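Remarks on the structure that follows.
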Amino acid sequence: MSNADTHGDTKPTAFAQAMLDLRESAVLSGTEKRNLAICAIVAALWALLPLFSTGYILSLGISITIFAGLATSWTLFSGPTNYISLATAAFFGIGMYTVAGGVNLLPYPVLILIAAVAGALFAALIGLATLRISGVYFVIFSLGLAELVRQVVSWGQHVMGTSSGLYVLVDRSDSVFFWQLLVFTLVVFLVSWWIGRSRLGFALRIIGNDEVVAVHCGINTARAKVTLFIISSTFAAIAGALVAPRWSYVEPTLAFSPFLSFQVVIMSLLGGVHRLWGPLVGVIPFTIMWEFISAKFPSQTTLLLGVAFLLIVYFIPHGFVGLIEDFSRRRSGIWAALRSKWQAKGGGHE
Amino acid sequence: MQRRNLLKLAAAGVVAGSLGLGTAQAADTIKIGVVGPKTGPLAGGAAITHFPNFMMWQKLVNDRGGLKLKDGQRKIELIEYDDRTSPPETIKAVERLATVDNADFIMPVYGTGFNLAAAPIFAKHDYPQLAQAFVTDQGPELIKRYPNLFIIQGPTKAFARDAIAVLKKLLDEKKIGNRVAVVNVADAFGIELANVARPLFKEAGFELVYDKSYPLGTQDLAPIVKGAKAANPDAFVAWSYPPDTFALLEQAKIEGLNVKAYYSAVATAFQGFYGKYGQLAENVLGAGGYEDTPAIRDYMKIHKQVTGVDADYWGSALYGSMLQVLEQSIEGVGSLDRKAVTAYIKSRTFKTIVGDMDLRNQQMTRVWTVGQWQNGFFQAVAGDGFTNYKPVILKNNW
Amino acid sequence: MDIIIIGLLLGGTYALMAMGLQLQYGVARIMNLANGEMLVAGAFGTFWFYSATKFSPLISLAVIVPLAFAANWAIYRVLITPLVRRAKSQGQLEVDSILATFGLSFIFVGGLLALFGGDYLSYSYLARPIFILGQPYGLNRVTAFIGALALCAGLYIWLHKTRAGLALRAVAVSPSAAGLVSINVPRASALAFALGGAVTAAGGSLLSIFLTFDASLGVVFTLKALVIVIMGGVSDIRGAIVAAFILGLAETIVASLVDPGLTLAAAYVLFIVILLIKPEGLFGRRSS
């Protein structure tokens, strides 16, 4: 990876193309403006949710919002690089413990900032250390990492001899909580979108397609990957910090639950990791299916969740993104056919 | 593509809305919501202490025709959800019960953190929260925050303090020496207990010859027990959780860790513990314990008959008593007015299987904290607010 | 000395957890997240057998192993084969198998819950000390350790001395090349998967004589097994066995000499350090 600069000019065409694309992306295209506007409208509508329900639907909305944020930030790193990370819980837990430890000492916004910085520093450390590891080794490595953090925190709690940091008693209505999370998720989306069209995102797409080519284009692949990992992990830490007051009580097993990491990965994969909106279309149906089964079959929840899961894997092989794109392709195919037919007919009259 | 997102969102609303439709029932039953872990790390304990009690209550109440309200007798119907030992799931399930199922009452959830996570929802909808399996030292602050929260369990401090007091008494009677080996599981309750206990041991004049934590889910406790044994203690105290409580005793026997007083915290009170170890478990001390009364013996017998599960000797009877309190309060008020029921609970003492229960200060003042297996019954040997404790028997060698 | 013996005993325990997954992942290339549940199923099977018949739990192996083999063969044939067929690349298969076996683990937990309830299940068997060099050790742990050794040796010999074993090893190295030398790769993979499942269930059965289980415990074993298999390097069963013993020894040394609270932390540090030095695991080969 260090030899990147020496080979900077070996692929002049790809490089020139990259520069061209980059220049184009500096201005917003029409489609992008339209998409941003639609995004803003959707977010605004979603923000109205607490006006309609403050109970169950709102807590479902909270679930969807938080997982949308977590899954999107996970995809930010893992989508383009194909590194499946199971370390979400490590950063989430760090955020949570930051808040739990300081809730009586510092104002809440400061704690969120500290959580973000702590997450970023830790991610930088990890990112720099783990570049050599790839594939399934990275998957389990990240899992081990999360467990390691949990073990150290538990032990630290015992040694420091304090348990007061476990309680996070902050008064906050669910609506405020929901809006906070929504802002968080929107920031994740905007950052992801911005990175997607920036120099960095472009570099990552090349890395994802072929790392060797990327190196030859003069891309510092190591720096690109670590930067993304830091951004993605910082978001997970912020999410943990935001959720802590809702849980009221923080314990190692729950804050660093490996299940959370798996849930985020699974939701993102179900959606599709190559589109910005992919995780979102994974999170929404997944959460609703999960809820539906929990509510309707309380005594067989686990069994049926498993069955539902298998059905999804077998019948929606390319994730929800694949499903939607197939559908839209087919639909546009029909439209095109209709239009050409109509034109063929009407054209004669004109 | 964003348009389709919008569609998804709309669909989300519709689906979520329809979740509640099927559970709408005729208004002639009283709907009782139950949330707890059927899967996940806490499921093992909940299967013994949490779920069976509600099942038993439902059966007993419905067999006698239901709860007596002013407008006649009404049977109870349980609506159960699995929270998979995950706080966000607990929150959602309780919200679902409150706003979709319109449960008349919601039972406490299982575990300290979970009850805390659910407390704001209970408060928001005025449900009395008779929290069980809820051990905290923040009681006074919590009940100030949540006027509908009742804590039916002693504070963390009481469990550590009384266990140490039991040992202290033996020390004062010169029955044991002052060397104590302490181990604890590095998770919430274990950490809290260990941290509360450390200064108390020193105050009582004990020497902590071994004081280590071990991670939750440790598969081999041999090094810890060996370490404790090497310190040559007179008493052994483990602030432990279910799987380790079992493993520690077996390991102690194998290593020949012979002490005059052997204490392990959570799950020592399970009948499965005595069932597994029989004579070995005899005279083992642990958290919980019941006074040996006919009421308690009856309760345990009926529990087994109705649910097929053996009640434990710590939380089970408190759950049973809590349900008696709730039952008497609903019938006393004569309606399902939750605010009135909460006020009723705060206004008097109740006759229950564990004796008089006084929740006027929202926290139970009488609780057994230390028990000891004596002839197959986990006898209360210490506690708060009782007078009739069994004397502690010294433990024989394994 | 006794630290080493305890460490070896624990290593045997870990080997029982990890060998099955090693076969399933190393040969059949299925990252089986339901592996821990299979282990719990083996343990529950033995519990049930022991409480019903009062015969030695070891005899239950004769029933559990064939059953687990058949069940895992069926799982591979019915659930996994379609995924293998449609996967365009190793990465695609990995993602699909993670998703599918994650679902499968839920089904297992739900099934166990329905069959046995959520209660803790444990029984006492051979819970008496055996003295080795004057120090006491749990006879049940020693028994399980001997079982682990027998399994390790049996598998190793089978893999290295028989034709079927050779085929499995060839598939582990390169499925496509193995196909070229007329090895029936799908059949070898199914065999490895089924064998892995049977070994895991046997492990659960042996562990049940000294560990307490409940229906939800599987994930704990899956995580441990994943760490061990990856640490050892996925394509060689010796890797998993050596890694299991290294972890067992390391944890015991830390627990005895440093602080028991740091045992698992030490295990993960070791795991991370090994991967940093040798990113393909102890016995791993660098892939091109």
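The values are calculated or read from the model by the stated rules, or taken from the named source; none is laboratory data. Worth saying up front: this structure is predicted, and the values here are computed from it rather than measured. Every residue, glycine as well, gets a Cβ built from its backbone with ideal geometry; the counts of neighbours run over all protein chains shown.
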Quiz item: Which pairs have Cβ atoms under 6 Å, sit 6 or more apart or on different chains, and link a residue in segment C:119-136 that is in contact (Cβ under 8 Å) with a residue 60 or more places away in the chain to one that is aromatic (Phe, Trp, Tyr) and assigned to a strand (DSSP E or B)?
Solution: C:Leu121/C:Phe213
Self-check item: Hits in segment B:254-271 (condition: buried (at least 21 other Cβ atoms within 10 Å of the Cβ) and assigned to a helix (DSSP H, G or I))
Solution: B:Ile254, B:Glu255
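Rundown of residues vs (1) modelled with pLDDT under 85; (2) farther than 30 Å from A:Asp174 by Cβ; (3) surrounded by fewer than 18 Cβ atoms within 10 Å (Cβ to Cβ), yes/no style:
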position	(1), (2), (3)
A:Ala4	yes, yes, yes
A:His7	yes, yes, yes
A:Gln17	yes, yes, yes
A:Glu32	yes, yes, yes
A:Ala44	no, no, yes
A:Tyr56	no, no, no
Practice problem: Check off (1) of a type in the set (A, V, I, L, M); (2) out of contact with any Phe, Trp or Tyr (no Cβ under 9 Å at 6 or more places or on another chain); (3) surrounded by fewer than 21 Cβ atoms within 10 Å (Cβ to Cβ) for C:Leu115 and give me the number that stays unchecked. | Solution: (2)
Practice problem: Filter segment B:359-375 for residues that are under 18 Å from the mean Cα position of the chain (by Cα) and buried (at least 16 other Cβ atoms within 10 Å of the Cβ) and give the result. | Solution: B:Leu359, B:Gln362, B:Gln363, B:Met364, B:Val367, B:Trp368, B:Thr369, B:Val370, B:Gly371, B:Gln372
Practice problem: Determine whether C:Ile277 is surrounded by fewer than 20 Cβ atoms within 10 Å (Cβ to Cβ) and either among the acidic types (Asp, Glu) or facing chain B (nearest Cβ under 10 Å) (or both). | Solution: no
Exercise. Specify the residue that is nearest to the chain's Cα centre (by Cα); the eligible residues are those in segment B:272-290 that are more than 8 Å from every other protein chain (Cβ to nearest Cβ) and part of a helix (DSSP H, G or I).
Key: B:Phe273
Quiz item: Can you pull out the residues in segment C:234-257 that are facing another protein chain (nearest Cβ under 10 Å) and either surrounded by fewer than 24 Cβ atoms within 10 Å (Cβ to Cβ) or under 17 Å from C:Gly7 (Cβ atoms) (or both)?
Solution: C:Gly248, C:Glu251, C:Thr252, C:Ile253, C:Val254, C:Ala255, C:Ser256, C:Leu257
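Here's the yes/no breakdown for (1) surrounded by 21 or more Cβ atoms within 10 Å (Cβ to Cβ); (2) in contact with a His (Cβ under 8 Å, 6 or more places away or on another chain); (3) at pLDDT below 50; (4) of a type in the set (Gly, Ala, Ser):
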{"residue": "B:Leu9", "(1), (2), (3), (4)": "no, no, yes, no"}
{"residue": "B:Ala16", "(1), (2), (3), (4)": "yes, no, yes, yes"}
{"residue": "B:Asp63", "(1), (2), (3), (4)": "no, no, no, no"}
{"residue": "B:Tyr81", "(1), (2), (3), (4)": "yes, no, no, no"}
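Say whether the condition of being of a type outside the set (S, T, N, Q), facing chain C (nearest Cβ under 7 Å), farther than 17 Å from C:Gly261 by Cβ and crowded, with 23+ Cβ neighbours inside 10 Å is met by at least one residue in segment B:231-242.
yes
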Quiz item: Is it fair to say A:Glu211 is crowded, with 22+ Cβ neighbours inside 10 Å, among the charged types (D, E, K, R) and more than 30 Å from A:Ala44 (Cβ to Cβ)?
Solution: no
Quiz item: Out of curiosity, is A:Leu311 at pLDDT 85 or above, assigned to a helix (DSSP H, G or I), exposed (fewer than 15 other Cβ atoms within 10 Å of the Cβ) and within 14 Å of chain C (Cβ to nearest Cβ)?
Solution: yes
Quiz item: Which of the residues belonging to segment C:86-106 are hydrophobic (A, V, I, L, M, F, W, C) and not in a helix (DSSP H, G or I)?
Solution: C:Ala87
Quiz item: Inside segment C:86-104, can you point out the residues that are facing chain A (nearest Cβ under 7 Å) and touching a residue at least 24 places away in the same chain (Cβ under 8 Å)?
Solution: C:Glu94, C:Phe102, C:Leu104
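Are any residues in segment C:111-129 more than 9 Å from chain B (Cβ to nearest Cβ) and more than 21 Å from C:Lys54 (Cβ to Cβ), and if so, which ones?
Within segment C:111-129, C:Gly111, C:Leu112, C:Ala114 qualify.
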Self-check item: Any helices (runs of 4 or more DSSP H) falling wholly within segment A:75-161 and containing at least 3 residues that are at the interface with chain C (Cβ under 9 Å from one of its Cβ atoms)
Solution: A:135-160
Practice problem: Using the structure shown, decide if A:Phe297 is closer than 23 Å to B:Ala43 by Cα, surrounded by fewer than 23 Cβ atoms within 10 Å (Cβ to Cβ) and more than 11 Å from chain C (Cβ to nearest Cβ). | Solution: no
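Residue-wise test of (1) under 18 Å from the mean Cα position of the chain (by Cα); (2) outside any loop (DSSP other than H, G, I, E, B); (3) of a type in the set (Lys, Arg).
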| residue | (1), (2), (3) |
| --- | --- |
| C:Ala225 | yes, yes, no |
| C:Ser235 | yes, no, no |
| C:Gly239 | yes, yes, no |
| C:Ala243 | yes, yes, no |
| C:Thr263 | no, yes, no |
| C:Phe271 | yes, yes, no |
| C:Leu275 | no, yes, no |
Exercise. Evaluate the following for B:Gly40: is it modelled with pLDDT under 95 and part of a loop (DSSP other than H, G, I, E, B)?
Key: yes
Self-check item: Among (1) in contact (Cβ under 8 Å) with a residue 40 or more places away in the chain; (2) closer than 30 Å to C:Gly118 by Cα, the one test that A:Trp290 misses
Solution: (1)
Quiz item: How many of the residues making up segment A:235-258 are more than 17 Å from B:Glu192 (Cβ to Cβ) and either among the small types (Gly, Ala, Ser) or part of a helix (DSSP H, G or I) (or both)?
Solution: 14
Exercise. Taking C:Arg29 as meeting all but one of (1) surrounded by 17 or more Cβ atoms within 10 Å (Cβ to Cβ); (2) at pLDDT below 90; (3) out of contact with any Pro (no Cβ under 9 Å at 6 or more places or on another chain), write down the number of the exception.
Key: (3)
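Residue by residue, here is whether (1) of a type in the set (Gly, Ala, Ser); (2) out of contact with any Leu (no Cβ under 8 Å at 6 or more places or on another chain); (3) crowded, with 23+ Cβ neighbours inside 10 Å holds:
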position	(1), (2), (3)
B:Leu285	no, yes, yes
B:Lys304	no, yes, no
B:Gly332	yes, yes, no
B:Ser335	yes, no, no
B:Ile353	no, yes, no
B:Phe377	no, yes, no
B:Gly385	yes, yes, no
B:Lys390	no, yes, no
Quiz item: Does C:Ser205 meet the test of being within 14 Å of another protein chain (Cβ to nearest Cβ), part of a helix (DSSP H, G or I) and within 19 Å of C:Ser105 (Cα to Cα)?
Solution: no
